[in-house]
Each structure stands twice: as structure tokens, then as C-alpha cells.
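Working notes, structure below.
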Amino acid sequence: MMWTVVGTAILAAVLALTLRQTQPVFAVLLTVVSGGLLFVWAISGAIPAVETLRSLLGRFSDHAPYADVLIKALGISLLTQMASEICRDAGETALAGRAELAGKVMLVLCGMPLFEHAVFLLEEMVNAKAVGG
Amino acid sequence: MDVDLIFKIAAIGILVAVLNQVLIRSGREEQAMLTTLSGLIVVLTIVVSEISTLFDTVKSAFGL
């Protein structure tokens, strides 16, 4: 597994370097495909770890979906990082910035239920203190 | 999803580069451009199917 990943990465880098002199578009597409291939390999290797994390975090939270939100945020970050790096490699820094912006917005939307839950807990604590004192 | 895909894209790229040079040298710029364009479309279809596989994997792994 590891040797395949290392060999594929070096091979794709050399081939992209060869193509970049004459046909830069094909070099970018080659890096997209090889990057996607390496990404899929890495993710399929990490699935057991993600499942373990999900079950461990699920043990501590009965009603709040902490683990789901965390793993979803991880996926969004990885995808938008990949997109923005491809854009930056292709020389489009502005598009890379927009992709990152969209990723940040999606992360905020993803974490909003947890924020609501935290505010709700805080409110309950303040009310309990007011009644008790 | 294999290393063959990388070789395929690199081969198409090199082939298109060579054809491009030959056609430009023989004074057929339009055909050279069309060759580049068709090679690009072929590679783009490969890339699109690959990206769809990537998205399916990420969706199933992270529960998006």
C-alpha cells in the first residue's frame, strides 16, 4: 500500500513535469486524476479509524451528534483543500480563494447546531442559577 | 481507479503534443488546435468519471 502510494506520487509528478512544457492543460488534468487516486487510497485506509472515532464519541453524547458533525467537517475541509490546491497549481489563486471561502461557509453551517446547543445549555445554567440564588 | 489511468492520460498528452508539433510544422494550425481540443475532451471525460468516484468515496466515508 505505502510503496504503491509513493511510487504513484513520484510517477505522476515526473509525468506532469514532462507534459507541462508542451501541454500544461494535460499536466493539470494528470495531477487532478493522480491526486484523486491518492486521496481515495488514503480515505479508504482511514475508514476503520473514522468508524472507531465515531463509536468512541457516540458513547459520550446521547442526543448531540458531536461525532457526525466532527467527521463531516473533516470531509468538507479535505475536499475544499483539495479543490483549492488544484486551482492554485493551475495558477488560479482567486478561484482557490473562493473555494476556500465556500468551504468555510459550509463549515460554519455544519457547526451551527452545536453552537445552538451550547447556547441552550448556557441559558439553562443561567436560569438555574437565577432560580437557585 | 488504477495507476493505468495516469499512464493513459500521460500517453494522450504526449500524443497530442507530438501531433500538435507535426501539424503546426506542416502549416495546419486549425487541425492542430482541433487535435488539442479533442484530446482535451477525451481526457476530461476520464477525469469526470474519476471525480465522481472520488466524491462517492468521500460521501460514504464522512457521511456527507
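The values are calculated or read from the model by the stated rules, or taken from the named source; none is laboratory data. Just so it is clear, the structure is predicted and the values come from calculations on it, not from any experiment. Because the Cβ atoms are built from the backbone with ideal geometry, glycine has one as well, and the counts that use them run over all protein chains shown. The area values use the complete protein model at the heavy-atom level, side chains included, leaving out ligands, DNA and RNA. Shrake-Rupley method; radii C 1.70, N 1.55, O 1.52, S 1.80 Å.
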Residues in segment B:6-18 that are in contact (Cβ under 8 Å) with a residue 12 or more places away in the chain and open to solvent by less than 80 Å² (accessible area, probe 1.4 Å) total 4
Answer yes if at least one residue in segment A:60-71 is within 12 Å of the chain's Cα centre (by Cα), among the small types (Gly, Ala, Ser) and assigned to a helix (DSSP H, G or I), and no otherwise. no
Filtering segment A:1-27 down to residues that are among the β-branched types (Val, Ile, Thr), open to solvent by 40 Å² or more (accessible area, probe 1.4 Å) and within 10 Å of another protein chain (Cβ to nearest Cβ) yields A:Thr4, A:Val14, A:Thr18, A:Thr22, A:Val25
Over segment A:28-53, the set of residues within 9 Å of chain B (Cβ to nearest Cβ) and either of a type in the set (A, V, I, L, M, F, W, C) or touching a strand residue (DSSP E or B) at 6+ places or on another chain (Cβ under 8 Å) (or both) is A:Leu29, A:Leu30, A:Val32, A:Val33, A:Leu37, A:Phe39, A:Val40, A:Trp41, A:Ile43, A:Ala46, A:Ile47, A:Val50
The condition of being assigned to a helix (DSSP H, G or I) and in contact with a Lys or Arg (Cβ under 9 Å, 6 or more places away or on another chain) holds, among A:Phe39, A:Phe26, only for A:Phe26
Given (1) more than 27 Å from B:Val3 (Cβ to Cβ); (2) open to solvent by 50 Å² or more (accessible area, probe 1.4 Å); (3) not acidic (Asp, Glu), A:Gly58 misses just (2)
Note on A:Gly91: of the conditions (1) under 30 Å from A:Leu17 (Cβ atoms); (2) assigned to a helix (DSSP H, G or I), unmet is (2)
Picking from B:Val3, B:Val22, the residue that is surrounded by fewer than 16 Cβ atoms within 10 Å (Cβ to Cβ) and either within 10 Å of another protein chain (Cβ to nearest Cβ) or among the basic types (Lys, Arg) (or both) would be B:Val3
Just one listed residue, out of B:Gly39, B:Gly63, B:Gly27, is within 8 Å of chain A (Cβ to nearest Cβ) and surrounded by fewer than 18 Cβ atoms within 10 Å (Cβ to Cβ), and it is B:Gly63
Within segment A:99-133, the count of residues that are of a type in the set (Lys, Arg) and exposed (fewer than 10 other Cβ atoms within 10 Å of the Cβ) comes to 1
